[in-house]
Structures are given as structure tokens and as C-alpha cells.
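The values are calculated or read from the model by the stated rules, or taken from the named source; none is laboratory data. Being a predicted model, the structure only gives us computed values, none of them experimental. Positions of Cβ are backbone-derived with ideal geometry, glycine not excepted, and every protein chain shown enters the neighbour counts.
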Amino acid sequence: MEKLKDRYFIRLYQEGSSEATRLPLASARTLLRVFIHFVSGSYSSLEVFREDYFGKRVCNVAQNSSGITTAVRTTMRQKVLNSPFYDDLANKFSEGLYDPEKNGVYENEVMTIKAFNQKQFDDVVELLAIINDDNQVE
């Protein structure tokens with residue numbers, strides 16, 4: 001069974017859209033597929049977080065109506081994403097009850113990301129080779 005340190009939380013933004021596409025608990029293979037779509041121009045912005053980092057406990061300082069300052073303990077996931085839903089998914093994943101990756105296919109309520117076919121894989125290898133050639137210093 002995989003651990004949270006092997007998974008990533010990905011947020012994708014398309015040009016002109018303020019709403020992000022969120023892909024929790026994505027594997028490194030899915031991250032590579034998403035990155036290729038980002039490089040090819042399908043998305044304008046990409047954010048990647050390691051899931052184990054999101055599980056860290058943090059304190060938020062809050063002040064109630066009477067002016068008393070208190071510290072509220074929460075996870076980094078709730079602080080950044082403002083949703084307990086993703087904490088529940090991470091807990092289910094840790095317990096072995098939920099995994100969006102099955103047989104090399106990432107699937108959630110928003111999208112499905114399938115493995116590259118042979119032509120797509122060859123195109124990706126060619127793209128990475130071009131990027132690598134441009135970075136070579138002579």
C-alpha cells in the first residue's frame with residue numbers, strides 16, 4: 001500500500017478561469033501526465049503539493065467577538081484549501097478505503113486521466129528530449 005509521501009495534490013488552472021481543477025492523491029505517474037499537458041499549453045498554471053506536507057498540523061490565530069485571541073489547530077490542507085473534504089479523502093487513503101488510482105488510471109469526480117498510448121508516449125519522450133537538448137551547455 002502506498003503512503004501519503006508518495007502522492008501529490010495538484011491544482012490546475014485554465015486560461016481565463018478562476019476555478020481550479022483539483023486532483024488529490026495523484027501518483028507521480030499522473031503528475032507527469034498532467035505536467036505534459038501543462039507544458040503543451042492545456043493549462044495556464046500548475047500547483048503541486050506533497051500530500052504528507054499537507055497533513056502537518058498548524059495553528060491559526062483567531063480572535064472572537066470579545067477580543068480574546070485563541071489558537072485553533074488544523075492541518076495545512078485545511079488552511080490552504082479551506083475544505084475538510086480533502087482531509088477526509090487523505091484519511092480514507094491512509095486506511096486503505098479510497099484510492100483514485102486504479103490500474104494506471106486516475107479517476108475522480110472531475111476528470112479521468114488515462115495512461116499514454118504508444119504514440120503519446122513517443123511524443124512525450126521526443127518533447128522531453130527537445131527540452132533537455134535546449135538545456136545543454138556547450
| message | Can you tell me which condition Ser42 does not meet? The list is (1) at pLDDT 85 or above; (2) surrounded by 12 or more Cβ atoms within 10 Å (Cβ to Cβ), and all the others hold. | response | (1)
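Any residue that is in a strand (DSSP E or B), of a type in the set (A, V, I, L, M), touching a residue at least 12 places away in the same chain (Cβ under 8 Å) and surrounded by 12 or more Cβ atoms within 10 Å (Cβ to Cβ) - is there at least one of those in the range 70-83? Even if it seems obvious, please write down each step before you answer.
Going through the range 70-83, the residues in a strand (DSSP E or B) turn out to be 70-75.
Next, only the ones that are of a type in the set (A, V, I, L, M) stay: 71-72.
Now restrict to residues that are touching a residue at least 12 places away in the same chain (Cβ under 8 Å): 71-72.
Cutting the leftovers down to surrounded by 12 or more Cβ atoms within 10 Å (Cβ to Cβ) gives us none.
There is no residue in the range 70-83 that is in a strand (DSSP E or B), of a type in the set (A, V, I, L, M), touching a residue at least 12 places away in the same chain (Cβ under 8 Å) and surrounded by 12 or more Cβ atoms within 10 Å (Cβ to Cβ).
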| field | Glu47 surrounded by fewer than 16 Cβ atoms within 10 Å (Cβ to Cβ), modelled with pLDDT of 90 or more and within 19 Å of Thr112 (Cα to Cα) | value | yes
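Test of understanding: among Arg22, Arg73, which residue is among the charged types (D, E, K, R) and closer than 17 Å to Val110 by Cβ? Reasoning before the result, please.
On the way: Arg73 fails: closer than 17 Å to Val110 by Cβ.
The unique qualifying residue is Arg22.
Suppose we filter Ser42, Ser66 for residues that are free of Cβ contacts under 8 Å to residues at least 24 places away in the same chain and out of contact with any His (no Cβ under 8 Å at 6 or more places or on another chain); which single one remains? Break it down into steps so the answer makes sense when it comes.
Working: Ser42 fails: free of Cβ contacts under 8 Å to residues at least 24 places away in the same chain.
When all the criteria are applied, what remains is Ser66.
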| task | Quickly run through the range 101-130 and pick out the residues that are within 22 Å of Lys3 (Cβ to Cβ) and in a strand (DSSP E or B). | result | Glu101, Lys102, Val105, Tyr106, Glu107, Ile113
| query | Among the residues of the range 85-98 satisfying the criterion of being out of contact with any helix residue (DSSP H, G or I) (no Cβ under 6 Å at 6 or more places or on another chain) and not in a helix (DSSP H, G or I), which is farthest from Ile113 (Cα to Cα)? | reply | Glu95
| Here are some conditions: (1) exposed (fewer than 13 other Cβ atoms within 10 Å of the Cβ); (2) among the acidic types (Asp, Glu); (3) touching a helix residue (DSSP H, G or I) at 6+ places or on another chain (Cβ under 8 Å). Glu101 meets all but one. Which one does it not meet? | (1)
